[in-house]
1. From the residues Asn238, Asn215, His168, which one has its Cα farthest along the dipole of region 147-261 in the positive direction, the dipole being from +1 and -1 charges on Cβ of Lys/Arg and Asp/Glu about the Cα centre?
2. Taking the Kirkwood radius as the inverse of the mean 1/r across Cα pairs, report the Rg/Rh of region 453-525.
3. Give me the percent of DSSP beta bridges within region 47-197 that run antiparallel, rounded to the nearest 5.
4. Relative to the longest principal Cα axis of the chain, at what angle does helix 8-21 sit, 0 to 90 degrees, rounded to 10?
5. What Kirkwood hydrodynamic radius, in Å, does region 463-587 give when the mean of 1/r is taken over all pairs of distinct Cα atoms and then inverted?
6. By how many nm would the segment from Thr696 to Glu439 grow when fully extended, if each residue of separation counts as 0.36 nm and the alpha-carbon distance is taken off?
7. Within the set of other residues whose C-beta is less than 11 Å from the C-beta of His361, count the net charge using Lys and Arg as +1 and Asp and Glu as -1.
8. Along the charge dipole of the chain, Cβ charges K/R +1 and D/E -1, which of Gln155, Ser614, Pro700 sits furthest on the positive end?
Amino acid sequence: MKIKILPLSLFLAYGAAVAADEQPADKVVPKVEVKGSAAMEARRNDTATKIVVTQEEILKNGDTSIGEVLKRLPGITIGGVQGRGGDIRMRGLGSGYTSILLNGEPAPPGFSLDSLTPDMIERIEIMRAATAEFSTQAIAGGINIVLKRTVHTGQTEIKAGLQSENGHPGGSLNLQLSDRKGPWSYAIGGGVIASRFDRPARELTEGEDASGKPNLRREGETWSTGSFRQLNISPRVNYAIKPGDVITSQTFINVNRFNADNGERITTLFGAPPPYSASIIGVNAKFEQFREDLSWSRNLGEGVKLDMKAGVNYNHRDVTAPSHQFWADGTQALDRLITSEGTDKGFTTTGKYSMPVGAGHALAMGWDASYSKRSESRIQRESSTVGARAENLDQLYDADVKRVAVYAQDEWNVTERWSVYFGLRWEGLEVTSAGNDYEDVNNKFHVLSPLFQTLWKLGEQKKDQVRLGITRTYKAPGVGDLIPRRFASNNNTATTPDQKGNPDLKPELAWGLDLAFEHYLGEGGLLSASTFVRRIEDITHRRVDLINGLWVSRPVNDGVANTRGVELEAKLPLRSLMKGAPSIEMRANLSRNWSELDSVPGPNNRLDQQTPVSGTVGADWKLDSLPLTTGGSYSFQSGGPVRISQQQSAYTSAKRSLDVYALWKFDPKKQLRVSMSNALHQDNIAQTSYLALHDTTITPTFAQFRAQLEIKL
């Protein structure tokens, strides 16, 4: 990727570094100690329910991705194959129901959490109920990823790591630099990751006739081998014009390369063979991401504050995928080359004006707007032998997404024990698209979201408290779901159909109720029980139909879904129960979720991506006699059958994960962290069915071993 203009924060970082070098040698930078209970106090006293995950907790297990960190938290599950990442989900709901924010703003188009490493993150905020300040596209809740920005003292930190998965090595190197001098402060984070992978899987396709007699059985094997390389840089510069008047530049740059050789071989034991019995597909992908945010926070006096931010983002991807299809006798039937290129670019602006209206009472109002433009081309060229059908496609399209929101909110500590939050947010979206193989799309809508949350503190010691929230939220259809382009499957069947968008999709609208009870113990301990209810209108799911001789999967609005759940959470430092006990912190969480879709007959007519049961049990032990901290966690995520429509159903197996780690401190500036994730390495089983046709995929997973040396200079 070529960036002709030096990012603003990199330019400012150079100036800040020069200023830091001019600091007198006898000038001692004060050391600031951040107590571990600060995050718990923030959760305890915030009217709007929020769980804050500190940097210490983020880095504790030696994770290399944000998904690995989040999967241990209450009510959060990860989609996809175990141990390989996937979309982040809350409250058991599926993809898209959770708002993902980056520094308080919706993540830009084309952005992936996989592009962030845990070392780049200052904290993670988990919001179980929506607030007016952030997007109300958060039926399940929201997750705000806050990149590092607080600079207390000059520091250089280097982390070098090695890892191994399924016999394939990988490595990482991370560097963090920070310093401050007078009004200037800067922090520059960066890292490189390189790894190789080998991911086999097995497939089984079975069919039955009208009498239930088996009439089809195919067995297949698939494989995917390749490499992944990533470089990221995240510089941040702060300039304090005067106390309470700060300008900040935050830049994020990510470049990664992905190469894979994929293959499939199918053996038909009886019944009709597939159109092609084997295929070999190569993937060569290049991705570049760039984001620059410039923010200004100004104290106007007497508690009045103005925060403004403007940002630009640019994402580019270039993918080449040659493939070859083969007949059952091994001769080549089809030669295909797909080249695709896509670009997302846009800008965002946010602002917030807040002012007090009395003791413990504050009003705020603001705006949130963005514009993004996506341009994509997909060129398919095929040549075939006799009996195979060749199809050449030129698919070009542009899409514009405009989003505007205004909001107001009132936070009031009515009494010492009772606080309330009122919010109102209006948000409008417009998606327009034009392509060479479909009619123009123009989809616009707006949502008015009233929001209410309240907190009661009980008892003289205020160790017990009750929360209540009522929210209006929504889920907007994604750009890809609106555009009616067809993506062809290698072997088109009812269980492996072509994919196509639907320009007539409407947003899903939801009313939600949240209720929670929390009991706080000493030493950062907590016991919590919460429940939620959501009624979602115009629910969206993918329906498979036979269109012009081809099976096609499309998203459709189809009825009303009612979902509810219960979440239990416990954090118990042993010393809060017994004085003189070892420094052991125990933690556990359990979530149980239910849902029904009124347009689908039962049984098992729940939302098709919902996780019925999930939970984690873990402990950390910091030895008093040795510079050693060790711990581990066991996570469970249930699956089971689900009925998607009258003809469609699916099944996923339960996922069990065991992660362990150990940290040895040689001295205050050097430590070694070793860990093993996915120690159980169980197979992942997924099945899709259409009437009497069943397609099952069994995917092995593998334990991953890591060792990381961390040095502070």
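The values are calculated or read from the model by the stated rules, or taken from the named source; none is laboratory data. Keep in mind that this is a model prediction, so the values were computed, not measured. So basically every Cβ, Gly included, is an ideal-geometry build from the backbone, and we count neighbours across all protein chains shown. Ligands, DNA and RNA are stripped out before the accessible areas are found, and what is left, the full protein with its side chains, is counted by its heavy atoms. Shrake-Rupley method; radii C 1.70, N 1.55, O 1.52, S 1.80 Å.
1. Result: Asn238.
2. 1.37
3. If we restrict to bridges inside region 47-197, about 90 percent are antiparallel.
4. Helix 8-21 and the main axis of the chain meet at about 40 degrees.
5. Kirkwood hydrodynamic radius for region 463-587: 18.5 Å.
6. Length difference between fully extended and current span is 88.9 nm.
7. -2
8. Gln155
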